[in-house]
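The values are calculated or read from the model by the stated rules, or taken from the named source; none is laboratory data. The model shown is predicted, which means the values in this text are computed figures rather than measured ones. Here Cβ is always computed from backbone atoms with ideal geometry, including for glycine, and neighbour counts include all displayed protein chains.
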Amino acid sequence: MINLDNLKTRARAELATARTNDELEAWRVKYLGRSSDLSLFLRSLAEKTLEEKRELGPKANGLKQELERLLFDKQKIAGTRQPVRSGFDITEPGKNLNLGHLHPITQVKNELNDAFKFLGFEIYEGPEISSEGYDFDVLNFPKDHPARESMDTYWIKPETDVLGNGLKRLDLRPHLTGMSVRYMQAKKKKEPFRFVYPGRAFRSEATDAGHERCFYQYEALIVNKDISLSGGKILVTTILERVFGRQVEVRMRPGFFPFVEPGFEIDMQCLNCSGRGCSVCKWDGWVEMMPGGPPHPNVLKAGGFDPKVWQGFYINIGLDRITMMKHGIDDIRLMHSGDLRFLNQF
Ligand SMILES: [Zn+2]
């Protein structure tokens with residue numbers, strides 16, 4: 001092994017005596033050329049241990065740069081400056097490029113997409129700007145239903161057509177369910193189907209740890225001629241087990257939503273305490289996961305499916321919520337903050 005300090009002393013002393021162009025070139029070849037002790041040493045670093053590389057690499061590279069600079073200064077004085085040689089050094093440690101990655105919500109969405117595709121579901125997307133017609137009328141919300149206002153929908157000022165007739169109110173969809181009717185209407189042949197539709201929904205409400213004005217939902221709808229409630233429950237269980245990677249217990253309680261009949265609140269046994277009760281589940285042992293149930297006959301009718309022949313099952317998963325549960329995140333606002341200290345943890 002060479003002694004870098006000795007090498008430096010020798011190189012400086014010899015450079016001090018070099019005068020002519022030839023002498024400077026000879027010095028360059030001897031101390032910086034491809035076969036110089038320093039270059040050979042730098043190349044040999046590749047076989048050294050990580051510790052040795054860390055210690056010797058910067059030192060040797062520093063010496064190389066110093067010698068190059070000394071030569072440069074000397075050539076300037078001697079007026080023999082030559083074009084700089086390419087300084088590419090294969091022994092220099094590489095730079096760590098900062099690659100991006102998928103957002104935790106997108107990761108969970110992709111997992112759900114995979115799980116549903118495996119179960120034969122189609123994936124569908126619809127417009128974020130929707131209408132009162134699709135978000136309330138076809139979903140069996142009565143005309144005076146408080147949810148039309150209390151859902152804190154963002155309404156878009158309606159335009160009038162050229163004849164001055166007012167058009168239906170447009171909105172930023174407050175939920176995804178209207179897409180199910182768009183999908184059913186678009187189906188020319190009335191035949192059994194199963195599809196999912198992930199996306200953003202918007203509500204004009206105050207934000208806190210559990211609420212955001214813009215959030216992600218994931219809905220699924222199966223329509224067939226014979227779907228039982230237990231079939232729906234098996235579907236929910238399968239999906240949750242896929243997301244959480246372990247066995248889960250699911251229960252269905254009656255709940256009211258205009259677009260389902262009968263409607264259910266679907267709960268999952270708390271994964272944190274296995275149902276014994278803890279702060280995550282507010283000592284209940286169960287965590288509310290999603291609404292669901294068979295589509296209301298009026299919804300099937302609006303989609304062009306005869307409710308006397310067809311039945312189905314909806315589930316509506318809060319994507320932010322399920323992602324928070326999966327990773328133990330306690331504030332939904334972190335999800336959309338764009339804060340890299342948060343995002344880099346996933
Ligand atoms: Zn618990």
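Considering only segment 199-222, I want to know if a residue exists there that is within 16 Å of the ligand (Cβ to nearest atom) and surrounded by fewer than 17 Cβ atoms within 10 Å (Cβ to Cβ).
no
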Exercise. Please find, within segment 29-52, the residue that is modelled with the highest pLDDT out of those that are hydroxyl-bearing (Ser, Thr, Tyr) and surrounded by fewer than 14 Cβ atoms within 10 Å (Cβ to Cβ).
Key: Ser35
Quiz item: What are the residues in segment 252-307 that are in a strand (DSSP E or B) and within 16 Å of the ligand (Cβ to nearest atom), if any?
Solution: Asp267, Met268, Gln269, Trp286, Val287, Glu288, Met289
Practice problem: Evaluate the following for Leu271: is it crowded, with 18+ Cβ neighbours inside 10 Å, modelled with pLDDT under 90, over 23 Å from Leu334 (Cα atoms) and within 27 Å of the chain's Cα centre (by Cα)? | Solution: no
Quiz item: What are the residues in segment 1-28 that are loosely packed, with under 12 Cβ neighbours inside 10 Å and of a type outside the set (Ser, Thr, Tyr), if any?
Solution: Met1, Asn3, Asp5, Asn6, Ala13, Ala16, Arg19, Asp22
Exercise. Please tell me if Glu241 is surrounded by fewer than 19 Cβ atoms within 10 Å (Cβ to Cβ), more than 20 Å from His175 (Cβ to Cβ) and either of a type in the set (A, V, I, L, M) or more than 16 Å from the ligand (Cβ to nearest atom) (or both).
Key: yes
Quiz item: Here are some residues: Glu149, Glu111, Glu132, Glu92. Which one is within 30 Å of Arg341 (Cα to Cα) and over 23 Å from the mean Cα position of the chain (by Cα)?
Solution: Glu92
Quiz item: Under the condition of being free of Cβ contacts under 8 Å to residues at least 60 places away in the same chain and not basic (Lys, Arg), which residue from segment 209-239 is nearest to Gln311 (Cα to Cα)?
Solution: Ser228
Quiz item: For segment 49-65, does any single residue satisfy the condition of being in a helix (DSSP H, G or I), under 30 Å from Thr238 (Cα atoms), among the polar types (S, T, N, Q) and under 53 Å from the mean Cα position of the chain (by Cα)?
Solution: no
